[in-house]
Amino acid sequence: MQKVRMILGLVVLVGVLAGCSKSDPTPALVAVTFKNLSADPPSGGYNPANGQPIGVTNKYTLFSFATGATVANSDSASTKWDIGFNGTKIIINSGTSGPGSAAALVVTGIFSELNLAPDAGYLTDNSATATYAITRGSGKGWYNYDPSTNLISPIAGRIIMVKTSGGKYAKMEIISYYKDAPASPSATSTDRYYTFRYLYQPDGSKKLQ
């Protein structure tokens with residue numbers, strides 16, 4: 001009986017060692033959904049006379065794809081962030097928007113099927129010429145604006161490809177501009193709260209799957 005136990009123990013040990021000798025497969029990348037990123041919502045609502053927001057700070061909420069979290073505005077002059085949000089305006093940490101080397105490109109496609117970041121075509125921000133990597137205005141970048149309802153709607157199939165400040169790649173799709181991402185926003189929905197999904201590739205390759 002003692003010999004049998006010893007033999008079984010050796011078999012288990014050999015199995016464990018054999019398992020350890022094999023290299024673990026690279027874990028698959030998983031898309032992450034970030035909910036309710038506050039993009040400078042007006043503390044005093046909107047002026048009924050002109051529709052302008054009351055009580056905004058005009059500061060951008062900064063975000064890092066590497067950490068999956070917002071970055072303090074006090075670090076706006078650093079390379080800790082990749083992308084920033086204020087109302088419908090989005091900036092990239094590059095050019096006249098920041099000291100980083102980030103760049104972005106808006107493409108058309110299906111998020112799950114765009115599995116390779118483009119080799120070229122990325123843009124940086126230049127406020128002096130009013131040109132931005134993520135074009136501003138209804139129908140020009142990531143959203144449409146309906147003046148009859150005063151609602152902002154993400155354009156289906158618009159995917160933002162990003163080369164981050166750290167030289168990595170990510171893809172992002174904006175899902176909603178309203179708090180808690182209601183399926184059918186209305187005039188009473190609270191705006192300037194982004195919900196988006198993204199996938200970040202930490203190994204430096206252009207593979208986004």
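Specify which of the listed residues (Asn73, Asn93, Asn58) is surrounded by 17 or more Cβ atoms within 10 Å (Cβ to Cβ) and either touching a strand residue (DSSP E or B) at 6+ places or on another chain (Cβ under 9 Å) or under 30 Å from Pro147 (Cβ atoms) (or both). Can you show your working first?
Values: Asn73 fails: surrounded by 17 or more Cβ atoms within 10 Å (Cβ to Cβ); Asn58 fails: surrounded by 17 or more Cβ atoms within 10 Å (Cβ to Cβ).
After applying the criteria, what remains is Asn93.
Within region 156-203, can you find the residues that are hydroxyl-bearing (Ser, Thr, Tyr) and within 17 Å of the chain's Cα centre (by Cα)?
Start the filter on region 156-203 by keeping residues that are hydroxyl-bearing (Ser, Thr, Tyr), which leaves 164-165, 169, 176-178, 184, 186, 188-190, 193-195, 198, 200.
Result: Thr164, Ser165, Tyr169, Ser176, Tyr177, Tyr178, Tyr193, Tyr194, Thr195, Tyr198, Tyr200.
Can you tell me which residues in region 170-207 are at positive phi and either without any contact (Cβ under 8 Å) to a residue 24 or more places away in the chain or outside any loop (DSSP other than H, G, I, E, B) (or both)? If you could, list the steps in order and put the result at the bottom.
At the first step, the residues of region 170-207 found to be at positive phi are 180-181, 192, 204.
Selection gives Arg192 alone.
For region 101-117, what are the residues that are touching an Asp or Glu at 6+ places or on another chain (Cβ under 7 Å) and surrounded by fewer than 20 Cβ atoms within 10 Å (Cβ to Cβ)?
Here is the first cut: in region 101-117, the residues touching an Asp or Glu at 6+ places or on another chain (Cβ under 7 Å) are 102, 111.
Result: Phe111, single match.
Just to be sure before I move on: is Thr88 modelled with pLDDT of 95 or more, within 22 Å of Lys163 (Cα to Cα) and polar (S, T, N, Q) in the structure I sent? Give the derivation first.
Details: modelled with pLDDT of 95 or more: yes; within 22 Å of Lys163 (Cα to Cα): yes; polar (S, T, N, Q): yes.
Against the criterion (modelled with pLDDT of 95 or more, within 22 Å of Lys163 (Cα to Cα) and polar (S, T, N, Q)), Thr88 qualifies.
Go through (1) of a type outside the set (Val, Ile, Thr); (2) at pLDDT below 95; (3) under 17 Å from Pro118 (Cβ atoms) for Ala187 and report which single condition fails.
(3)
This table checks each residue for (1) charged (D, E, K, R); (2) surrounded by fewer than 21 Cβ atoms within 10 Å (Cβ to Cβ); (3) touching a Ser or Thr at 6+ places or on another chain (Cβ under 7 Å).
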site	(1), (2), (3)
Tyr122	no, yes, no
Ala128	no, yes, yes
Asn144	no, yes, yes
Ser165	no, no, yes
Lys168	yes, yes, no
Lys171	yes, no, no
Pro182	no, yes, yes
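Exactly one of (1) out of contact with any Lys or Arg (no Cβ under 8 Å at 6 or more places or on another chain); (2) surrounded by fewer than 20 Cβ atoms within 10 Å (Cβ to Cβ); (3) within 30 Å of Ser186 (Cβ to Cβ); (4) of a type in the set (S, T, N, Q) is unmet by Ser176. Its number?
(2)
Please go through region 110-127 and pick out each residue that is of a type outside the set (A, V, I, L, M, F, W, C) and either in a strand (DSSP E or B) or on the phi < 0 side of the Ramachandran plot (or both).
Ser112, Glu113, Asn115, Pro118, Asp119, Tyr122, Thr124, Asp125, Asn126, Ser127
Which of the residues spanning region 113-135 are over 15 Å from Gly167 (Cα atoms), among the hydrophobic types (A, V, I, L, M, F, W, C) and free of Cβ contacts under 8 Å to residues at least 60 places away in the same chain?
Ala128, Ala130, Ala133, Ile134
Look through Ser74, Ser138, Ser78, Ser101 and report the one residue that is under 27 Å from Ala156 (Cβ atoms), at pLDDT 95 or above and polar (S, T, N, Q).
On the way: Ser74 fails: under 27 Å from Ala156 (Cβ atoms); Ser78 fails: under 27 Å from Ala156 (Cβ atoms); Ser101 fails: under 27 Å from Ala156 (Cβ atoms).
None of the other options fit; the residue is Ser138.
The values are calculated or read from the model by the stated rules, or taken from the named source; none is laboratory data. Predicted, not measured: the structure shown is a model, and the values here were computed from it. All Cβ positions, even for glycine, are placed from backbone atoms using ideal geometry, and neighbour counts span all protein chains on display.
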